[in-house]
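The values are calculated or read from the model by the stated rules, or taken from the named source; none is laboratory data. Just so it is clear, the model here is predicted, and its values are computed rather than measured. All Cβ positions, even for glycine, are placed from backbone atoms using ideal geometry, and neighbour counts span all protein chains on display.
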Amino acid sequence: MSATNKSSKTVQEKIAELDGLMAWFDGEEFELELAIDKFAAAEKLAKDIEHDLETLKNTIVKVKHDFSK
């Protein structure tokens, strides 16, 4: 991950956290009043994961390009 990333969590940890948030919606602890906040947190986490994966992809492409020279 990039040095500008504010979180020290790995992509796997973020995915696990997102899975937990998504499971909450199907769980017995679901409360409609909390759903908007949980959804917003899940959406932000999904965007963070997407950004991290795009960064990793760009790094792989660069390494591949450098290696093929």
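For every residue, the table says whether it meets (1) part of a helix (DSSP H, G or I); (2) at pLDDT 95 or above; (3) on the phi > 0 side of the Ramachandran plot; (4) not basic (Lys, Arg).
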residue: Asn5; (1), (2), (3), (4): no, no, no, yes
residue: Lys44; (1), (2), (3), (4): yes, yes, no, no
residue: His51; (1), (2), (3), (4): yes, yes, no, yes
residue: Glu54; (1), (2), (3), (4): yes, yes, no, yes
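When Ile15 is tested against the conditions (1) in a helix (DSSP H, G or I); (2) touching a helix residue (DSSP H, G or I) at 6+ places or on another chain (Cβ under 9 Å); (3) modelled with pLDDT under 95; (4) not small (Gly, Ala, Ser), the lone failure is (3).
Note on region 24-38: residues that are in a helix (DSSP H, G or I), free of Cβ contacts under 8 Å to residues at least 12 places away in the same chain and closer than 21 Å to Glu13 by Cα total 2.
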